[in-house]
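All remarks here apply to the structure that follows.
Bear in mind that the values in this text are calculations on the coordinates, not laboratory data. These numbers come from a predicted model, not from an experiment. Every residue, glycine among them, receives a Cβ derived from its backbone with ideal geometry; neighbour counts consider all protein chains shown.
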Amino acid sequence: MPSIAYLECARCGARISADLPQTVCPECTEQPAGSLFVRYDLMHLKGTKPEDVVKDERPWSGMWRYRAVLPEVEPVTLGEGWTPMLPSRRYPNTFVKDEGANPTGTFKARGLAMAVTMARHYGLHKLAVPSAGNAAGALAAYAAAAGIEAYIFMPKDVPFANYVEAVAYGAHVTLVDGLISDCGRIVAERKQKEGWFEISTLKEPFRIEGKKTMGYELLEQLGWEVPDAVFYPTGGGVGLIGMWKAFDELEEIGWIKPGKRPRMISVQSSGCAPMVKAFHEGSKASQMWQNAATIAAGLRVPKPYGDAIMLEILKASNGLALSVTDAEIVASIRDWASNEGVYLSPEGASVTAAYDKLLADGTLKPADRVVLFNTGSGLKYTEVIAEALNIHRA
Ligand SMILES: Cc1ncc(COP(=O)(O)O)c(C=O)c1O
Ligand SMILES: [Zn+2]
């Protein structure tokens, strides 16, 4: 396992020591301050073969099989990662990366397992987060496993499962009459007085490190062959940014060939699509989306903090951003559940619906090898999906 060389600001390039816990770049002169990326010296891995390095040995199982590229600390783990890569029954070159198999039922487990691991390592006692729902459940679970207090702020209309699980895990939960951006403001205003350490999306370095394991994993599961496209339902964008970081590291250590990257395809709901708008306008950053509303609660992020980084990745990968309607999302949930046996979250179904669109308009060919991220289980959305599909007990 590598020790961390330094944290690097995505905006001004400053190098910050990882000896003490950090949030965003303390040296940025312009606002918003840059997110910090964890940098290691990976030279010793150059020329190695993944099969000699990547091993599944408890507690270094699941996503921790990539301990060679993760911080050198004892993990707080509930079994996250190494989720199924399911080949579609209908599309020969298409796979669903089913993140619904994670503890707490979503990919948020990866980022929060890593962030809580580091929080325990640093001796932090109180963590606070604004959440669209699933990050809250994941933080609450890992905080409970680590004996750390969790302070959670989420919109009052989050899927019921998110509220129930967070309370059951013993977190301090506040329901807010507003969006995740309003929750974020409350955390920012109160954190100093309350002694909370904030682990909001892209405002601490380690959620990216957890999520980057999706990039390693999808390549290992495809025999280290880079697919043509990766579809990602985008809210705050940590997964997209994390996977791109993984591809950078993989190129650096030589486990994938330089130059060949998947097209990164960012999918949002037409009810909240700031990234799609910014992408099509050729902007460097997004603008606050007004009146954000969508069945895909995780995509209801009106102004992602990492927007500029994501836009660069979409460009660098020859990728694109597109939106689908809630009606298309609901139709895709039913389609994949009844035809493939895969119960998608609304966020995951935004991706499958977007894939249908790009196949139909010829942007992608059936021969293209494609990975579709189902970021969570449909089971976390029972009341939402029941209503959308008009399913009632007699
Ligand atoms: C199920 C699900 N998918 C996707 C997202 C968006 O993830 P990210 O913030 O990494 O873009 C979320 C965020 O809450 C989510 O819960
Ligand atoms: Zn900076």
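3J(HN,Hα) couplings calculated from phi for the stretch 363-375 with the Karplus curve 6.51 cos²θ - 1.76 cosθ + 1.60 (θ = phi - 60°) are, in sequence order, 4, 10, 9, x, 6, 5, 8, 10, 10, 10, 8, 8, 6 Hz; Gly and Pro show x. Site pair residue 383 and residue 248 shows an inter-label distance of 4.1 nm when each label is modelled 7 Å from Cα along Cα→Cβ. What trypsin sites (Lys or Arg not before Pro) does the stretch 189-270 have in DSSP loop regions with at most 15 other beta carbons within 10 Å? Of the trypsin sites (Lys or Arg not before Pro), the ones in loops of the stretch 189-270 whose Cβ has at most 15 other Cβ atoms within 10 Å are 260. Around the amide H of residue 86, modelled in the peptide plane, lie the amide H atoms of 96, 97, 98, all under 5 Å away and 5 or more residues distant in sequence or on another chain.
Where the centre of each part is set by its Cα atoms, how far does the stretch 164-201 sit from the stretch 42-107, in angstrom? Between the Cα centres of the stretch 164-201 and the stretch 42-107 lies a distance of 29 Å.
Classification of the stretch 221-375 by its C-alpha gyration tensor yields an oblate form. The axis ratio a/c (a ≥ b ≥ c) is 1.5 or more, and b/c is at least a/b.
Ellipticity at 222 nm from helices only: DSSP H runs of n ≥ 4 in the chain, each -39500 (n - 2.57), divided by the residue count, give -11000 deg cm²/dmol. Based on the alpha-carbon gyration tensor of the stretch 50-176 and its eigenvalue square roots a ≥ b ≥ c, which shape applies: rounded if a/c is under 1.5, prolate if not and a/b is larger than b/c, or oblate? The shape class here is oblate. Here the stretch 125-163 and the stretch 269-346 have alpha carbon centers that stand 23 Å from each other. Find the centroid of the Cα atoms in the stretch 348-366 and in the stretch 205-235, then give the distance between the two in whole Å. Going from one Cα centre to the other spans 19 Å. A Förster distance of 56 Å, applied to the separation of the beta-carbon atoms of residue 27 and residue 363, puts the FRET efficiency at 0.85. Protection proxy ranking of 265-275, 16-26, by the mean of other Cβ atoms within 10 Å over each peptide's residues and highest first, is 265-275, 16-26. Sequence-distant contacts, meaning Cα pairs under 8 Å at least 6 residues apart, place the relative contact order of the stretch 239-394 at 21 percent.
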